[in-house]
1. Would you mind finding the one in 45, 71 that is among the hydrophobic types (A, V, I, L, M, F, W, C), closer than 23 Å to residue 195 by Cα and out of contact with any Lys or Arg (no Cβ under 6 Å at 6 or more places or on another chain)?
2. Please go through segment 107-124 and pick out each residue that is surrounded by fewer than 18 Cβ atoms within 10 Å (Cβ to Cβ) and either among the β-branched types (Val, Ile, Thr) or at pLDDT below 95 (or both).
3. Scan segment 46-64 residue by residue and report those that are buried (at least 23 other Cβ atoms within 10 Å of the Cβ) and over 16 Å from residue 306 (Cα atoms).
4. Residues being surrounded by fewer than 20 Cβ atoms within 10 Å (Cβ to Cβ) and either among the aromatic types (Phe, Trp, Tyr) or touching a helix residue (DSSP H, G or I) at 6+ places or on another chain (Cβ under 8 Å) (or both): count how many of those fall in segment 152-167.
5. Working only within segment 27-40, note down all residues that are touching a Ser or Thr at 6+ places or on another chain (Cβ under 8 Å) and not β-branched (Val, Ile, Thr).
6. Among the residues of segment 130-144, is any at pLDDT 95 or above, surrounded by 17 or more Cβ atoms within 10 Å (Cβ to Cβ) and in a strand (DSSP E or B)?
7. For segment 10-54, enumerate the residues that are small (Gly, Ala, Ser) and either out of contact with any Leu (no Cβ under 7 Å at 6 or more places or on another chain) or not in a loop (DSSP other than H, G, I, E, B) (or both).
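The values are calculated or read from the model by the stated rules, or taken from the named source; none is laboratory data. Keep in mind that this is a model prediction, so the values were computed, not measured. Note that each Cβ is placed from the backbone with ideal geometry, even for glycine, and that neighbours are counted across all protein chains shown.
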Amino acid sequence: MESGIFIINKPINLTSMDVIRKIKRRFNIKKVGHAGTLDPMADGVIPILVGEATKFVPILHDQYKEYEFTVEFGKKTDSYDQAGEIIETNEYMPSKKDLLSAIPKFTGEILQVPPKFSACKVGGKRAYDLARDNIDFELQAKKRHIYALSLEKYDAPFVTFRAKCSSGTYIRSLAVDIAEYVNSICYVTKLTRVKYWKFDIADSKHISIDFQKIKNKTKGINIDSESSMNIDSKSLNSINDISENDLIKLESIKWDNMINITADQYDYLKHGRSVVINSNNGVFIGLYNGKVMGIFDITEGILSVKRMLKCG
């Protein structure tokens, strides 16, 4: 099987690793990775890289993402989403005007503290494991960038937003912070990653799900049909319906920084040697004879290999 990227629309109640395991079994391949964890209770776009393309995980991981998320005001859960236990309630519902006025405060560079129920590591342990064991700990605030934030629907107590953000942004924390800014509380009831860099949800491949199992695992949450999850049943695919024809080759992607490698340069680079080049500093995707051959660094006129793909 050639290397490349599958653009999968992950259903809720599957982890990102569940999707990887399905792809591994479907194509009987070992080298599979994903570029950016999606919460089990979230759905949407997740790029699955196979073969030599797994070397591009760091490149994709740093790209922006776009999300649509719906929150319910007046309640707050320990996990900031519908999977958690309600820990606080109140009757205050912010007006649409108040929420619109809050948006500029959460656009641009922000500081946010990840949810305690998250994959962040604390002393070598996952935060969600510590939280489940009721161990007290603190997470440090991180700088993140919100490129765009909009209010899509106001239907009190539910409000839907759309956000375009940098890698590492926790939408659950963003939602709770917005609520706090307008003197309220909320939790995320639905979270969908609608775009991952240049990969749109409209172009992704759905994989089928066992709704009865989901109903059993989600303790009564009403998600026992495709319609309740806003999924068109006609678009659902068994993992076996996904084929190599759905694989996006690295050469078909319009990378932001690309550089053409000459035959002489390639001869040096494939042996791990650097070459002198007249170019700006940066990280580049290298092309040789129309094929992506790796990830390269240019610093002060020196071109060197970061990750070289195996050819043939």
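1. Details: 45 fails: out of contact with any Lys or Arg (no Cβ under 6 Å at 6 or more places or on another chain).
One residue alone meets the criteria, 71.
2. Initially, segment 107-124 is screened for residues surrounded by fewer than 18 Cβ atoms within 10 Å (Cβ to Cβ), giving 107-109, 111, 113, 119, 121-124.
Within segment 107-124, 107, 113, 119, 121, 122, 123, 124 qualify.
3. Of the residues in segment 46-64, the ones buried (at least 23 other Cβ atoms within 10 Å of the Cβ) are 46-50, 53, 56.
Of everything in segment 46-64, those that are buried (at least 23 other Cβ atoms within 10 Å of the Cβ) and over 16 Å from residue 306 (Cα atoms) turn out to be 46, 47, 48, 49, 50.
4. Pass one, segment 152-167, residues surrounded by fewer than 20 Cβ atoms within 10 Å (Cβ to Cβ): 152-158, 160, 162, 164, 166-167.
Imposing the further condition that a residue be either among the aromatic types (Phe, Trp, Tyr) or touching a helix residue (DSSP H, G or I) at 6+ places or on another chain (Cβ under 8 Å) (or both) reduces the set to 154, 158, 167.
Residues in segment 152-167 being surrounded by fewer than 20 Cβ atoms within 10 Å (Cβ to Cβ) and either among the aromatic types (Phe, Trp, Tyr) or touching a helix residue (DSSP H, G or I) at 6+ places or on another chain (Cβ under 8 Å) (or both): 3 in total.
5. Residues of segment 27-40 touching a Ser or Thr at 6+ places or on another chain (Cβ under 8 Å): 31-34, 36-38, 40.
Of everything in segment 27-40, those that are touching a Ser or Thr at 6+ places or on another chain (Cβ under 8 Å) and not β-branched (Val, Ile, Thr) turn out to be 31, 33, 34, 36, 38, 40.
6. Yes, segment 130-144 contains a residue that is at pLDDT 95 or above, surrounded by 17 or more Cβ atoms within 10 Å (Cβ to Cβ) and in a strand (DSSP E or B).
7. Filtering segment 10-54 for residues small (Gly, Ala, Ser) gives 16, 33, 35-36, 42, 44, 51, 53.
Of everything in segment 10-54, those that are small (Gly, Ala, Ser) and either out of contact with any Leu (no Cβ under 7 Å at 6 or more places or on another chain) or not in a loop (DSSP other than H, G, I, E, B) (or both) turn out to be 16, 33, 36, 44, 51, 53.
Yes or no, residue by residue, for (1) in a helix (DSSP H, G or I); (2) surrounded by 18 or more Cβ atoms within 10 Å (Cβ to Cβ); (3) at pLDDT 95 or above:
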{"site": "150", "(1), (2), (3)": "no, no, yes"}
{"site": "169", "(1), (2), (3)": "no, yes, yes"}
{"site": "172", "(1), (2), (3)": "yes, yes, yes"}
{"site": "176", "(1), (2), (3)": "yes, yes, yes"}
{"site": "180", "(1), (2), (3)": "yes, no, yes"}
{"site": "184", "(1), (2), (3)": "no, yes, yes"}
{"site": "202", "(1), (2), (3)": "yes, no, yes"}
{"site": "209", "(1), (2), (3)": "no, yes, no"}
